[in-house]
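Quick note: the coordinates plus some simple rules give every number you see, no bench work behind them. Note that the coordinates shown come from a computational prediction; the quantities given were computed from them, not determined experimentally.
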Amino acid sequence: MACKELNQQGLQMLTREIVETAHPLKIVLFGKADESGWTNDLDLLVVVPEEVSLRQTAFMLRERMRCMAVPFKLIITTPNDLEKPKRPLGLIYRHIIESGRVIYAA
């Protein structure tokens, strides 16, 4: 099985776990996996509703997915944070939204 196919399967597994655990509004794939189709890990932006605790969501996701064979990085945020591009953290969000690919939308 090719590395690209492994990544695709890993991406599908991660997406399914995130949706079942966190019920996000949106998941965006970004970074080298989105650009080249292959990388050593997957970078994902997970957008959750405003009323959801980011810290608790991050903990739940890490606990549920810690045994997965697919290396990944998550950035968890809310729609409100995405709309604040003047804040220093807003710059990374803008880059992710402009260059990433939406792989799930509720």
If you stretched the chain out fully between Thr78 and Lys32, how much longer would it get, using 0.36 nm times the residue separation minus the C-alpha to C-alpha distance? 14.2 nm
Multiply the residue separation of Ala106 and Arg66 by 0.36 nm, subtract the distance between their alpha-carbon atoms, and state the gained length in nm to one decimal. 12.0 nm
For Ile76, the residues 5 or more places away or on another chain with a placed amide H closer than 5 Å to its own amide H are Val46
